[in-house]
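Everything below concerns the one structure shown next.
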Amino acid sequence: MVEKFKNPVSRMALAAWVGCAGVGALGTVFPAAVSATAAPAVVQAAAASAAAQPAAAPTPASSPTGVAGFSFVKSLGGIDEYRLDSNGLTVLLVPDHSAPVVTFQVTYQVGSRNEVTGTTGATHILEHMMFKGSEGFNDPKGNSIKQFLERVGGQFNATTSFDRTNYFATIGRESLEGYIAIEADRMRHLWLHEGDRQSEMTVVRNEYERGKNDPDNVLMEEVTAAAYEALPYHHPTIGWKSDIEHVPIARLREFYDTFYWPNNATVTVIGDLDPAATLSLVKKYYGVYAHSPAPIPAMYTEEPAQSGERRVTVKRPGELGTVIIAHKVPNGRDADQPALDMLDAILSSGKNARLYRALVDQGLALNAGAGTDLHHDLSLHTVYAVLAPGAEHEQVERALLGEIAKIKSEGVTAAEVARVKQQFTAAEAYKRDGTAAIAAEINEWIAVGDWTLYVTFPQKVQQVTPADVQRVAKEYLKDDQSTTGWFIPVPPSAEKGS
């Protein structure tokens, strides 16, 4: 399933990623894996104290005794980072013993950002192929990932996004070694058969076509494609239909052999684990692989400066019109992102939000929102409204721009900032409820390039001032830097005759 247009009202809310999905608090889009345990106490404590503590620097912790071959990197907020010396694999451990459950996740730093014309959608097709079997674990042997996890009662899935691909399972602690063995085997010994490519191609094409049935998804894709000229975020995560249908198996093999290596991956283990034993298992199964034979290709393209407003229009059958206004903003690691998050919440979080009062209460829109889709490179900030029956696109667009203009000229109040900070804290606690939920959140920060933001971002949000909110609105939400999209519904007969 493709998640692209989910009432964006907080960071990463417009994240376009492919896989089974759910919507967390405040509209954030994350994998909907089922977790069988509450959030680890150390992580809950870190989240609860975020408002009271300044952002902390990483502090050292002792390496587990008796586990040779790992270098300790840093520790922050109850999360310990290690590096497997032989091949560069990153390992994050979050121990908690409140329930005998563990979530194991591997995040590869490859997504649609790494694709070019001809291979768009390759990351997602590979994600599907990863479930077709590997040399050591497959259906004929009776030990494939699905067969194993069905026997042990595990919950598992995978998702693909702009900057990463992740594979994860929540299992009983006694099944951890079995899952690590399977996950490690498919890192380098995946079956890539033409017959499997053909069958999965039809599945992916069906996903693509379902997405095309949603006018708002189509509009968001076209706005994104217009906003980004050079960066690969121009391409939809699921790819273009012709690439999905025709990419040769040899190109998929080349893509796999380029990016699926230990030094391009982060293993995250959360729950009822013993650090020394867990690192020993990781070394046993992942330590057999070498570092990639060539450096992982760097993505060096830079987006040229935008020289004026851009506009797109989508006309197709539908019931309600939509207006989207997008602006490129800094990458997900940028120091201005907490202020942008609070700006988004003031605009769209709850019935007291500015867009709700200005558009929904006034009968112009059925719903309206704002959000920043965080990327490793330039991110995308969006405000949108779904038109109420009888409302005009011009009128709704003026109302959206009017609310942005008010914040630029008049600023926001301390009471508004305090309100959305409280909402943010509550939403963070909800999103960190369970080992799988925590893994999903950490996964997104790995994707933008710094997992420690999982700990420090909530702390930085608490430091945002009304002046910060006004400043980022002025800095980034400029008319000449905007990309505006309209979805205009037309009767089916009109579309056929055009």
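A quick yes/no check of all residues on (1) in contact with a His (Cβ under 9 Å, 6 or more places away or on another chain); (2) open to solvent by less than 10 Å² (accessible area, probe 1.4 Å); (3) in a loop (DSSP other than H, G, I, E, B):
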position: 151; (1), (2), (3): no, no, no
position: 158; (1), (2), (3): yes, yes, no
position: 163; (1), (2), (3): yes, no, yes
position: 166; (1), (2), (3): no, yes, no
position: 171; (1), (2), (3): no, yes, no
position: 174; (1), (2), (3): no, no, no
position: 180; (1), (2), (3): no, yes, no
position: 184; (1), (2), (3): no, yes, no
position: 192; (1), (2), (3): no, no, yes
Candidate set from region 278-293 (those that are farther than 30 Å from residue 101 by Cα and more than 27 Å from the chain's Cα centre (by Cα)); member that is least open to solvent (accessible area, probe 1.4 Å):
290
Suppose we filter region 435-452 for residues that are over 19 Å from residue 374 (Cα atoms) and either more than 18 Å from the chain's Cα centre (by Cα) or of a type in the set (A, V, I, L, M) (or both); how many remain?
1
Single unsatisfied condition, residue 275 versus (1) touching a residue at least 40 places away in the same chain (Cβ under 8 Å); (2) farther than 27 Å from residue 444 by Cβ; (3) open to solvent by less than 60 Å² (accessible area, probe 1.4 Å)
(2)
Filter pass, residue 494 being at pLDDT below 95, over 24 Å from residue 346 (Cβ atoms) and surrounded by fewer than 17 Cβ atoms within 10 Å (Cβ to Cβ)
yes
Exclusive hit being under 25 Å from residue 447 (Cβ atoms), in contact with a Phe, Trp or Tyr (Cβ under 6 Å, 6 or more places away or on another chain), in contact (Cβ under 8 Å) with a residue 12 or more places away in the chain and in a strand (DSSP E or B), set 324, 270:
324
Number of the exception - residue 285 against (1) under 22 Å from residue 215 (Cα atoms); (2) outside any strand (DSSP E or B); (3) at pLDDT 95 or above:
(1)
Residues of region 424-434 that turn out to be assigned to a helix (DSSP H, G or I) and surrounded by 19 or more Cβ atoms within 10 Å (Cβ to Cβ), as a count:
4
The one condition residue 319 fails out of (1) under 20 Å from residue 125 (Cα atoms); (2) out of contact with any His (no Cβ under 8 Å at 6 or more places or on another chain); (3) surrounded by fewer than 19 Cβ atoms within 10 Å (Cβ to Cβ) is (1)
Specify the residue that is farthest from residue 110 (Cα to Cα); the eligible residues are those in region 435-486 that are in a loop (DSSP other than H, G, I, E, B) and not aliphatic (A, V, I, L, M).
465
Considering only region 343-368, state which residues are modelled with pLDDT of 95 or more, open to solvent by 60 Å² or more (accessible area, probe 1.4 Å) and either touching a Leu at 6+ places or on another chain (Cβ under 6 Å) or assigned to a loop (DSSP other than H, G, I, E, B) (or both).
361, 362
Picked from region 202-239 (must be over 20 Å from the mean Cα position of the chain (by Cα) and touching a residue at least 60 places away in the same chain (Cβ under 8 Å)), the residue farthest from residue 320 (Cα to Cα) is 230
Quick one: residue 199 ticks every box in (1) open to solvent by less than 30 Å² (accessible area, probe 1.4 Å); (2) over 22 Å from residue 91 (Cβ atoms); (3) more than 23 Å from the chain's Cα centre (by Cα) bar one, so which box is it?
(1)
Taking residue 326 as the residue in question, decide whether it is open to solvent by less than 60 Å² (accessible area, probe 1.4 Å) and under 16 Å from residue 489 (Cα atoms).
no
Do the conditions hold for residue 358, that is, is it closer than 18 Å to residue 485 by Cβ, hydrophobic (A, V, I, L, M, F, W, C) and touching a helix residue (DSSP H, G or I) at 6+ places or on another chain (Cβ under 6 Å)?
no
Could you list, in sequence order, all residues of region 246-272 that are within 13 Å of residue 118 (Cα to Cα) and either surrounded by 15 or more Cβ atoms within 10 Å (Cβ to Cβ) or of a type in the set (Val, Ile, Thr) (or both)?
247, 249, 251, 252, 255
Region 217-241, residues that are more than 15 Å from residue 124 (Cβ to Cβ), assigned to a helix (DSSP H, G or I) and open to solvent by 30 Å² or more (accessible area, probe 1.4 Å):
222, 234
Would you check if residue 383 is within 26 Å of residue 305 (Cβ to Cβ) and surrounded by 24 or more Cβ atoms within 10 Å (Cβ to Cβ)?
yes
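The values are calculated or read from the model by the stated rules, or taken from the named source; none is laboratory data. As the structure is a prediction and not an experimental result, all values here were calculated from the model. Ideal geometry is used to build each Cβ from the backbone, glycine not excepted, and the neighbour counts take in all protein chains shown. Heavy atoms of the whole protein, side chains included, go into the accessibility calculation; ligands, DNA and RNA do not. Shrake-Rupley method; radii C 1.70, N 1.55, O 1.52, S 1.80 Å.
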